[in-house]
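The next block holds one structure in the form of structure tokens; read it before the comments.
The values are calculated or read from the model by the stated rules, or taken from the named source; none is laboratory data. Everything quoted here is computed from the prediction, not taken from an experiment. Positions of Cβ are generated from backbone atoms using ideal geometry, with glycine treated the same way; all protein chains shown enter the neighbour counts. For the accessible areas, the whole protein counts, side chains as well, though only heavy atoms, and no ligand, DNA or RNA atoms are used. Shrake-Rupley method; radii C 1.70, N 1.55, O 1.52, S 1.80 Å.
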Amino acid sequence: MADWSIILNTIKRTSLLVFLCFFSTKAICQEDILERKIKLEQKKISVRRLLTQVLPQAGVSLSYNDQLIPFNKKLTFYQSRQKLEVILSKICENADLSYTTSNNQILFKFYDRPDSDFSFTISGRVRDRHSGELLSGSSIVASGASVGVTSNGYGYFSLALPKGKHKIMVSYLGYKPMIQELDLKRDMKFDYHLKPQTFELNDVVVEGKQEIDVPVESIMAGVNKLNMELIGDIPYFMGEVDVFQGSLLLPGILNVGEGTSGVNVRGGASDQNLILLDEAVIYNSNHLFGLVSVFNPDAVKDVEIYKGSYPSKYGGRLSSVMHVRHRDGNNKELHFSGGIGLITSRLLLEGPIKKIKSSFLISARSTFWDFFIRNAENPTIRDSRANFQDLNAKFNYNINNKNKIYFSGYIGADENKFGLDVLRKWGNRLFSIRWNRIHSDRLFYNMTFYLSRYRYRVIEENEIENSVGTSKILDYALKGDFTYFFKPNNLIEYGLSLVYHRLSPGNRIQTISGINNEIKLDNEQALEADIYIANERNLFHNLKISYGIRGSLFSNRGPGSVFQYEKGAPKSLETIIDTLNFASGESIRNFYNLQPRFSLNYQMNNNSSIKFNYLNAVQYMHLLSNTLSPTSSDIWQLSGTYIPPSVSNQVSIGYYKSIKKQKVEASAEFFYKTNTDIIDYKNGADLQFNNAIEKELLTGNSRAYGLEVFVKKDIGNLSGWISYTLSKSEKQVKGQFSGESINNGDFFPSDFDRTHDFSIAAIYKATKRWTFSSNFVYYTGRPYSFPDSKYSVDGLVVPHYPNRNRQRLAPYHRLDLSARLEGKKFNKKGKERKSESYWVFSIYNVYSRRNTQAYFFRQNEDDPNRTETIRYSVLGVAVPSVTYNFRF
Amino acid sequence: MFIISILIIVISCITSCEDPVILNLPTGDEKLVVDGWMTTENKPYSIEIYKTIGFNNQSSYPPENNAEVYVTDRLSFRYDFDEVGQTGVYESDPLELIGKQGEAYILHITLSDGSMYESKREVLHPLSELSNVSSNFFFDPGLPVEDPEAKQYFVQGLVRDIPNVKNFYRWKITVNDILRNKPEELLLFDDKFTDGVNFNIRANNITMEANDRVILEHRSLTEDAYNYFQQLSAQLSTGLVPNTPPAIIFGNVRNINDSTEIVLGYFGASSVSQANLIINP
């Protein structure tokens, strides 16, 4: 008995053991086989090849019913060794198929996959129907599934959707929206060709006509898109259509007055705007002292402005991103267009090189008054110069469906000389190559290489004083931007950029009586390397978030020398105690920064949403400009031993509403932002040809906050918008030593502080040929400093200014009107003309308002013992203008 | 000096306007002003001491009377300045004090209320030689060339810069016995780009007519004085925007016992040479 029980027990134990053994080996075997890595020779392999060759050769035994297997399906693998499990699930993906394993064998079987489990991708590009121009930022929305995506900077999109019927709506501002119904059963590719919205009098529905877009679906607050064709209709000073002047009608964007350069976004200095032309940074965006920007409106496709938060792919500036994209050129037919205006005249030629595959665009612009100046009888006038030219050339080539290459170039040249003064020349040069690749249905990338140079020269042609002074900045940049459409409503963007900055702050060659006298400040160089990754996804169907991080390294590198100053004393030539020399390539100072960004969009219902943004940005390059607005001679400065990078933190929250029926779009946004370590200047700072520039500089902080309201409405043939900003922008400069603080180190209003800023614009299409438009602006006068006493030095009366920016100029307001007359579309015989033309008549400052630009506190011309206050206005009268434009 | 664009000028000629306005300006506390200059000329030097007044106040500055004013040199020799009547103007005695090149001077002031002030040490720098002073002209862009008044004359001269030192200069120009002294007529230059060479300076910011009698004073400045005048010039230039932001222009005089007191004005020292010229048509 005892024996039996022992045996029984033994059997029980062993069977348990055997069972356990069996179970575990089975588990191990199963794990083994699915975990096995299979070597793949190609990236793209058909299911047939996998099942008949690759897997059997790798020793995997398979069992399947031929009728179930999608043999012709092609699979893409990004790694050459893949786990079997991954391969199998890819085979079963989007098919009524699943697999099991038993005894090291893979068994495929039928599986009735629910429709919602199938996911297919539609991808492609959005274009203009007539010109073939790519439309970036168009929205592609599947209404049923309530998911959507916007096309990227190159018009490309990819949208993953469940199997079944969908209504796809493709829309873009200024174009007729397109609706497509489709039954999605496989991955599909579409190129959507949208028809431009035209103004037809009888066409009562002027749907989707938008001069400036208030985005309801975009995740970020404070994003605006300007479309040149449409903002071209508002009145401009001397009829010169300009993207920057146009942007001033948006909330939160301003400049410091008429005849000044640069724009200020949400209380930031004008060097805090990242101004890009087709991905390349442009260092000076002004011609003619800011009257005209460097962007030729004929060539501009669109302008994207981010002022609240910007995607992680952008970095290097604190306040905003203004990305100007030029048109690619019509890829269907050749066109020639141009215009004659009071400031510039323009020509543009565009057309296909090889139809659909390749196109080009060349545009040029020039002032023409030099012709009169050079022929003047008066030598002082004859020797004077005030002109500019610019040239854009662009060429693109579709290598195939998936690869596209762009070449673009820009050359700008300004020249200026008054009487006996020196001749000054400056300009940007830009060259870029871009390569777009649709790597797969879901992965798109763009590689950019560019060169950007800004050079400023002072030329003294007078025989005895013959000299040439030069300063310049040159960037070599390489960047890659990747967009991965990971899942429906889940997008990953990542990329990197490498920029080598080379700065020549000053170099002057002089020949006096045969002696060569050269002064050369040391070149400065730095490497700026950035990487970023961001994810945008839906958390719930009505809550979308985007989070990302940008890591940047800025390395100020030798050769170079750095002065060492006595501690505890202000920096000056007297307090230099040593000089550190750095060899070529040696790093002088490195900065590392992580810049987190976050956005949230809560869609309350179909037509309203709330957005929240947080932005952190770092700026390593500073424009040294101790004047109210930048001048062309200002030099850029790299962060280094004594000049820290500036850092900005901004939060904004906005409410957006769009009522399609009433054609109203409205938004209200609140923002708060702080900037630290911004550059300021000591009194009387000498910024030119200074090899110890740090002794002229101070650092400070700034903060800005405000509310921006924007409402746009169309009523029949009348459309218009209102923009209002209530804001405060303050600055603080607290120096370490006496005389280095401004206003005792307290916060004070910055030059860009504008309490109220209101503008209203309206465009009315009166008849088939006449369009009228007008805009009115009103804003609080700029902060100004008033003297509280006076004294005399050597006979000169000097006003004493105890504080900076404690008073203000009078409020500014102005009304402009313009009218556009289209040329006749048909000739006398009733045939349609081949060419189009139109005239634009405009009046700037209609009611001749004398807006105060400055007060001069000075001695009376006739009686030097008396002092007086003079109000200075840039414009005292209405300025009429006319331009003529044509296209054929 | 800032770039002046013709365009803006052309536009401003046609459209811009300046008109006098009355602003209600704040009036700050009175501040002490010290304004005086020493040279190498054989004449009394004057130091003016007074208080600031409100900008809109058109009366004269309240003088600081009965102060004790003197200058000391490197060896602490003391040279007294005596008040001329009750004017707040204090003058030196040329028999006692004539500025010497290379010497350094400090101004000392004790006001009647006992508060004491002192300037920084101001070095009287040697002066580079000025030669070839002549006249030149350009045409007024606003007048036809035939107009006899279209020719705008100015003076020019060649400076032989003293090598290996930083030199700073000011020209003062008197035309027909009137010192041309508007803010835009300040003429300051340095040898930043021209150290040790002969260079030509054209005073074309001061224009005159044919047959005018001109006295050109060529003066050396210290770096501090040069920077001081540069700040004055930048702040007083009522030219077109963009402008430098206004700020307190600190001079080189301070209260010995209260470093926070703002004292305005400048005590300077210059070597001077003169050239006389009659503008030949």
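If you check A:Lys571 against the conditions, is it in contact with a Lys or Arg (Cβ under 8 Å, 6 or more places away or on another chain), surrounded by 17 or more Cβ atoms within 10 Å (Cβ to Cβ), not in a strand (DSSP E or B) and not hydrophobic (A, V, I, L, M, F, W, C)? Criteria met by A:Lys571.
This table checks each residue for (1) closer than 30 Å to A:Glu493 by Cβ; (2) of a type in the set (D, E, K, R); (3) open to solvent by less than 30 Å² (accessible area, probe 1.4 Å).
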| residue | (1), (2), (3) |
| --- | --- |
| A:Ser312 | yes, no, yes |
| A:Arg327 | yes, yes, no |
| A:Gly339 | no, no, yes |
| A:Leu349 | no, no, no |
| A:Pro352 | no, no, no |
| A:Lys357 | yes, yes, no |
| A:Ser366 | no, no, no |
| A:Ile381 | no, no, no |
| A:Asp414 | no, yes, yes |
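Per the conditions (1) open to solvent by less than 40 Å² (accessible area, probe 1.4 Å); (2) of a type in the set (A, V, I, L, M, F, W, C); (3) within 11 Å of another protein chain (Cβ to nearest Cβ); (4) within 28 Å of B:Tyr266 (Cα to Cα), the sole criterion not satisfied by B:Ile178 is (1).
Of the residues that sit in the stretch A:805-822 and are in contact with a strand residue (DSSP E or B) (Cβ under 6 Å, 6 or more places away or on another chain) and either in contact (Cβ under 8 Å) with a residue 60 or more places away in the chain or at the interface with chain B (Cβ under 9 Å from one of its Cβ atoms) (or both), which one is farthest from B:Thr238 (Cα to Cα)? If we take residues in the stretch A:805-822 being in contact with a strand residue (DSSP E or B) (Cβ under 6 Å, 6 or more places away or on another chain) and either in contact (Cβ under 8 Å) with a residue 60 or more places away in the chain or at the interface with chain B (Cβ under 9 Å from one of its Cβ atoms) (or both), then A:Arg820 is farthest from B:Thr238 (Cα to Cα). Is at least one residue of the stretch A:293-312 among the aliphatic types (A, V, I, L, M) and within 14 Å of chain B (Cβ to nearest Cβ)? No: the stretch A:293-312 contains no residue that is among the aliphatic types (A, V, I, L, M) and within 14 Å of chain B (Cβ to nearest Cβ). On the given criteria, is A:Tyr565 open to solvent by 50 Å² or more (accessible area, probe 1.4 Å) and among the hydroxyl-bearing types (Ser, Thr, Tyr)? So A:Tyr565 fails the test.
Would you call A:Phe857 at pLDDT 90 or above, closer than 30 Å to B:Leu23 by Cβ and surrounded by 15 or more Cβ atoms within 10 Å (Cβ to Cβ)? So A:Phe857 fits the description; yes. Being open to solvent by 20 Å² or more (accessible area, probe 1.4 Å) and part of a strand (DSSP E or B): is that true of A:Leu161 here? When the stated conditions are applied, A:Leu161 does not pass them. With the requirement that a residue be within 30 Å of A:Ile399 (Cα to Cα) and β-branched (Val, Ile, Thr), what does the stretch A:353-388 give you? Answer for the stretch A:353-388, where residues must be within 30 Å of A:Ile399 (Cα to Cα) and β-branched (Val, Ile, Thr): A:Ile353, A:Ile356, A:Ile362. A single entry from A:Phe598, A:Phe591 fulfils the requirement of being within 21 Å of the chain's Cα centre (by Cα), away from every other protein chain (no Cβ under 14 Å) and hydrophobic (A, V, I, L, M, F, W, C): A:Phe598. Kindly establish whether B:Glu96 is among the acidic types (Asp, Glu), open to solvent by 40 Å² or more (accessible area, probe 1.4 Å), in contact (Cβ under 8 Å) with a residue 12 or more places away in the chain and not in a strand (DSSP E or B). Taking the combined requirement at face value, the residue satisfies it.
Listed here are the residues, each with its yes/no results for (1) among the charged types (D, E, K, R); (2) on the phi < 0 side of the Ramachandran plot; (3) buried (at least 17 other Cβ atoms within 10 Å of the Cβ); (4) in contact with an Asp or Glu (Cβ under 9 Å, 6 or more places away or on another chain).
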site	(1), (2), (3), (4)
A:Lys657	yes, yes, yes, yes
A:Asp680	yes, yes, yes, no
A:Arg703	yes, yes, yes, yes
A:Phe737	no, yes, no, no
A:Phe748	no, yes, yes, yes
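Taking the stretch B:144-170 as the search range and keeping residues that are in a strand (DSSP E or B) and closer than 19 Å to B:Val197 by Cβ, which one is farthest from the other protein chains (Cβ to nearest Cβ)? By that ranking, first place goes to B:Tyr169. Could you look through the stretch A:457-473, keep only residues that are hydrophobic (A, V, I, L, M, F, W, C) and either within 30 Å of A:Gly124 (Cα to Cα) or free of Cβ contacts under 8 Å to residues at least 60 places away in the same chain (or both), and pick out the one that is most open to solvent (accessible area, probe 1.4 Å)? My answer is A:Ile464. For B:Asn227, the stated conditions do not hold, so it cannot be described as of a type outside the set (Asp, Glu), more than 9 Å from chain A (Cβ to nearest Cβ) and closer than 30 Å to A:Val256 by Cβ. Residues of the stretch A:803-817 that are surrounded by fewer than 17 Cβ atoms within 10 Å (Cβ to Cβ) and under 16 Å from A:Ala761 (Cα atoms): A:His813 alone. Counting the residues of the stretch A:858-884 that are of a type outside the set (S, T, N, Q), facing chain B (nearest Cβ under 7 Å) and farther than 21 Å from B:Arg180 by Cβ gives 7. In the set A:Tyr476, A:Tyr454, only one residue is under 26 Å from A:Tyr532 (Cβ atoms), away from chain B (no Cβ under 14 Å), open to solvent by 50 Å² or more (accessible area, probe 1.4 Å) and under 23 Å from the mean Cα position of the chain (by Cα); that residue is A:Tyr476. Evaluating B:Thr244 against the criteria (1) out of contact with any strand residue (DSSP E or B) (no Cβ under 8 Å at 6 or more places or on another chain); (2) at pLDDT 90 or above; (3) in a loop (DSSP other than H, G, I, E, B) leaves one unmet condition, (2).
Residues checked against (1) buried (at least 21 other Cβ atoms within 10 Å of the Cβ); (2) not in a strand (DSSP E or B):
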residue	(1), (2)
B:Leu25	no, yes
B:Asp29	no, yes
B:Val34	yes, no
B:Trp37	no, no
B:Tyr50	yes, no
B:Asn56	no, yes
B:Ser59	no, yes
B:Asn65	no, yes
B:Tyr70	no, no
